[in-house]
1. Restricting to region 1-12, name every residue that is more than 16 Å from the ligand (Cβ to nearest atom) and either outside any loop (DSSP other than H, G, I, E, B) or farther than 16 Å from ILE43 by Cβ (or both).
2. If LEU42 passes every condition in (1) at pLDDT 90 or above; (2) hydrophobic (A, V, I, L, M, F, W, C); (3) in contact with a strand residue (DSSP E or B) (Cβ under 6 Å, 6 or more places away or on another chain) but one, which one does it miss?
3. Can you tell me which residue is modelled with the highest pLDDT among those in region 13-31 that are in contact with a strand residue (DSSP E or B) (Cβ under 6 Å, 6 or more places away or on another chain) and within 14 Å of the ligand (Cβ to nearest atom)?
4. Look through ASP57, ASP61, ASP90 and report the one residue that is more than 16 Å from the ligand (Cβ to nearest atom), at pLDDT below 75, under 21 Å from MET115 (Cβ atoms) and acidic (Asp, Glu).
5. Go through region 38-47 and count every residue that is more than 9 Å from the ligand (Cβ to nearest atom) and either basic (Lys, Arg) or open to solvent by less than 40 Å² (accessible area, probe 1.4 Å) (or both).
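The values are calculated or read from the model by the stated rules, or taken from the named source; none is laboratory data. If you're wondering where the values come from, they're calculated on a predicted model, not measured in any experiment. Neighbour counts are summed over all protein chains in view; Cβ atoms, including those assigned to glycine, are modelled from backbone coordinates with ideal geometry. When the accessible area is computed, the model is the full protein with side chains, heavy atoms only, and any ligands, DNA or RNA have been set aside. Shrake-Rupley method; radii C 1.70, N 1.55, O 1.52, S 1.80 Å.
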Amino acid sequence: MPTYDYLCQSCHNRVSLQMSYTEYGVKKVICPVCGGKQLTRLIGRVRVAKSEGQRLDAMSDPSFLSGVDENDPKSVARAMKRMGQEAGEDLPPEFNEITDRLESGESPDSIEKSMPDLGSEAGGPGDDEY
Ligand SMILES: [Zn+2]
């Protein structure tokens, strides 16, 4: 059974309550210390990046790169996909293309050169390859 952390607004104790997924959000939570009902859910780890900046922070997180061989495009692609799943939100359309090309063994440098719009929000179709 998962444990949920709460901060009690009455006694300011941090309390951990066990309840099932079906109970969570339905069952009334009561502070086991003072019996107060004003409990604020504490999120232990923020997993979802909310802005571009935070997403970049996640990418520069050393743990993100642990086990990644930067000289192995396939290894980098796997890490990027893992991170994309972790972010769990809309990824730029280029994201899949980049990871696919990395996985096929293309070097990041050559991908960057062929995608001049990379990294700019205003980027759209128009960089036809010929
Ligand atoms: Zn309390």
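1. MET1, THR3
2. Going through (1) at pLDDT 90 or above; (2) hydrophobic (A, V, I, L, M, F, W, C); (3) in contact with a strand residue (DSSP E or B) (Cβ under 6 Å, 6 or more places away or on another chain) one by one, LEU42 breaks only (1).
3. So, considering only residues that are in contact with a strand residue (DSSP E or B) (Cβ under 6 Å, 6 or more places away or on another chain) and within 14 Å of the ligand (Cβ to nearest atom), the one modelled with the highest pLDDT is CYS31.
4. ASP90
5. 3
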